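Here the structure is laid out as structure tokens; the discussion comes afterwards.
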Amino acid sequence: MDYVAPARSIRIEQASLEDLETLYELERICFGRNAYSKQFLRLLLVDPSSIPLKAVTEKGELVGSAIGRVEKIGSQVVGHVYTLDVRPDFRRRGVGAALLKSLENEFRKLGCERAILEVAVDNEPAIRLYKLLGYTFTSRLRDYYGRGRDAYRAEKNL
Ligand SMILES: CC(C)(COP(=O)(O)OP(=O)(O)OC[C@H]1O[C@@H](n2cnc3c(N)ncnc32)[C@H](O)[C@@H]1OP(=O)(O)O)[C@@H](O)C(=O)NCCC(=O)NCCS
């Protein structure tokens, strides 16, 4: 596994269906009523094309997660980032960056040529993180998250 450790006290591991409740709780903390449903998270966790990662403390507490899927767009294999969540009290410690870099490493191993993701146009922290990690913003997707809630599509060559 080529997971990137954000700090000595936090490690990145593969997540599983056993983490569903905690992942859903984290998703609700991060996105409130715009969170993915538990059913959708369950689908992501059991899908063989998915790469579910979690960040855990030394005590085994789950404090972040990233889930991506390997997908085909035309003839190209791409890694699609579906979620990136860090618990508020663990932010700005490199956890989000480590989760995303670890996901990119897994995408590369599975033959993905690029990573793609969507982010709400007003999500400044996430946009800054993606820019820092080399993502370019290629288009604006109108009403992507619902009426009046646009997203940017961002991409990175792997
Ligand atoms: C976006 C998110 C995942 C970032 O996680 P994080 O662990 O705090 O990110 P990191 O500590 O790895 O940040 C790396 C860099 O990104 C940028 N960054 C991250 N959060 C930032 C913020 N709130 N303001 C400005 N820059 C920020 C900084 O450049 C930061 O480096 P620095 O701390 O040395 O300045 C986290 O804020 C989160 O979970 N938000 C809610 C869920 C969400 O919006 N997910 C993304 C969906 S597309």
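Give the long-range amide H neighbours of TYR82: residues separated by 5 or more places, or on another chain, with amide H under 5 Å away, using H modelled in the peptide plane at 1.01 Å from N.
Excluding prolines and chain starts, which carry no amide H, the hits are ILE67, GLY68, ARG69.
Could you work out how much longer the chain between ARG8 and SER49 gets when fully extended? Use 0.36 nm per residue separation minus the Cα distance between them, nm to one decimal. Please report the intermediate quantities before stating the final value.
Working: separation 41, 0.36 × 41 = 14.76 nm, distance 2.97 nm.
Additional length available on full extension: 11.8 nm.
Going by amide H atoms built from the backbone, whose H comes under 5 Å of the H on LEU141, apart from near neighbours?
Here ALA151, TYR152, ARG153 satisfy the definition.
Using a Förster distance of 30 angstrom, determine the FRET efficiency expected from the C-beta separation of PHE40 and LEU158, and round it to 0.05.
0.75
Return the distance in nm (one decimal) between the two label points of a simple spin-label model at GLN76 and GLU21, each offset 7 Å from Cα along Cα→Cβ.
Using points 7 Å along Cα→Cβ, the separation is 4.2 nm.
Relative to the Cα centre, what is the charge dipole magnitude of segment 10-157, using +1 at the beta carbon of each Lys and Arg, -1 at the beta carbon of each Asp and Glu, and rounding to the nearest 20 debye?
Value, rounded to 20: 400 debye.
Using modelled backbone amide H atoms (1.01 Å from N, in-plane), which distant-in-sequence or interchain residues come within less than 5 Å of ARG87's amide H?
GLY64
Using θ = phi - 60° and the Karplus form 6.51 cos²θ - 1.76 cosθ + 1.60, what ³J(HN,Hα) does each residue of segment 28-34 get, whole Hz, x for Gly and Pro?
Result, ordered by residue: 5, 5, 7, 10, x, 6, 8 Hz.
Read-outs throughout are calculated quantities, based only on the coordinates presented, and are distinct from any laboratory measurement. All of these numbers come straight from a predicted model, not from anything done at the bench. In this analysis, Cβ positions are derived from the backbone assuming ideal geometry, glycine residues included, and neighbour counts consider all displayed protein chains.
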